[in-house]
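The values are calculated or read from the model by the stated rules, or taken from the named source; none is laboratory data. If you're wondering where the values come from, they're calculated on a predicted model, not measured in any experiment. Quick reminder, even Gly has a Cβ in these numbers, built from the backbone with ideal geometry, and neighbours come from all protein chains shown. We work out accessible area using only protein heavy atoms, side chains counted, and drop any ligands, DNA or RNA first. Shrake-Rupley method; radii C 1.70, N 1.55, O 1.52, S 1.80 Å.
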Amino acid sequence: MDAGEQARRDALERAWADTHAVHQRQRPELPVGRQPDGSAIRDRLQQENLNIMAHVVYGLYALPLGLTAVIGMVLAHVLKGQSNGSFLQTHFRWQVRTFWLSLAFTLLVLASGVAALGGFAVTGLQSAGNVLAALVTGAAFWAVLALVSAWFLYRVVKGWIYLVQVREIG
């Protein structure tokens, strides 16, 4: 092996070692004891699995289907109790609150929209003013619904970023 090839190989090994060292520094500090029965390993594996599941819940929330958010909310509720004492508990709490608050906001917007449309149905749309009011109300309804969706997406992205950075949230 010539000197140039050896230098390239050494540079690659150093780059890999540096990358591995950075990755190890970013890993969360997990509560592990020094029990001889292997429970420390089980605790660490459980925390790693909870970390993966937190990513799964954020992924389910990011999909544009309502059913996946419901599945993610159920998972977050179940896993929140298993993550006591770790930074992951804040993420599961954040995920649960995100779901329930966005559902409440959406239902409030939908109820307001139905009430407004019901009012127009009772009064009728005989005049141009009523038609214009109905169009403005419809546009406002969709704009507020878009704001609720943007808020939901903001919370998902913010939570996921904090999870990747191994930071508590909320």
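Close contacts from region 40-64, counting a first residue that is free of Cβ contacts under 8 Å to residues at least 12 places away in the same chain and in a helix (DSSP H, G or I) and a second that is open to solvent by 80 Å² or more (accessible area, probe 1.4 Å) and among the charged types (D, E, K, R), with Cβ to Cβ under 7 Å and a gap of 6+ residues or different chains, come to A40/R34.
Consider region 94-120 and keep the residues that are open to solvent by 80 Å² or more (accessible area, probe 1.4 Å) and modelled with pLDDT of 85 or more. The one that is farthest from M53 (Cα to Cα) is L108. Listed conditions (1) hydrophobic (A, V, I, L, M, F, W, C); (2) touching a helix residue (DSSP H, G or I) at 6+ places or on another chain (Cβ under 6 Å); (3) open to solvent by 20 Å² or more (accessible area, probe 1.4 Å) are all met by I52, apart from (2).
For region 121-148, filtered to residues that are open to solvent by 70 Å² or more (accessible area, probe 1.4 Å) and closer than 30 Å to G170 by Cβ, the residue that is modelled with the lowest pLDDT is W142.
Among the residues examined, L60 does not qualify as within 26 Å of Q47 (Cα to Cα), open to solvent by less than 20 Å² (accessible area, probe 1.4 Å), hydrophobic (A, V, I, L, M, F, W, C) and touching a helix residue (DSSP H, G or I) at 6+ places or on another chain (Cβ under 8 Å). So is T68 of a type in the set (S, T, N, Q) and either more than 21 Å from K158 (Cα to Cα) or at pLDDT below 90 (or both) or not? Criteria met by T68. Residues in region 81-100 that are of a type in the set (V, I, T) and out of contact with any helix residue (DSSP H, G or I) (no Cβ under 8 Å at 6 or more places or on another chain): T90 alone.
Looking at G85, G159, G113, can you tell me which residue is assigned to a loop (DSSP other than H, G, I, E, B) and in contact (Cβ under 8 Å) with a residue 24 or more places away in the chain? G85 is the lone residue from the list that is assigned to a loop (DSSP other than H, G, I, E, B) and in contact (Cβ under 8 Å) with a residue 24 or more places away in the chain.
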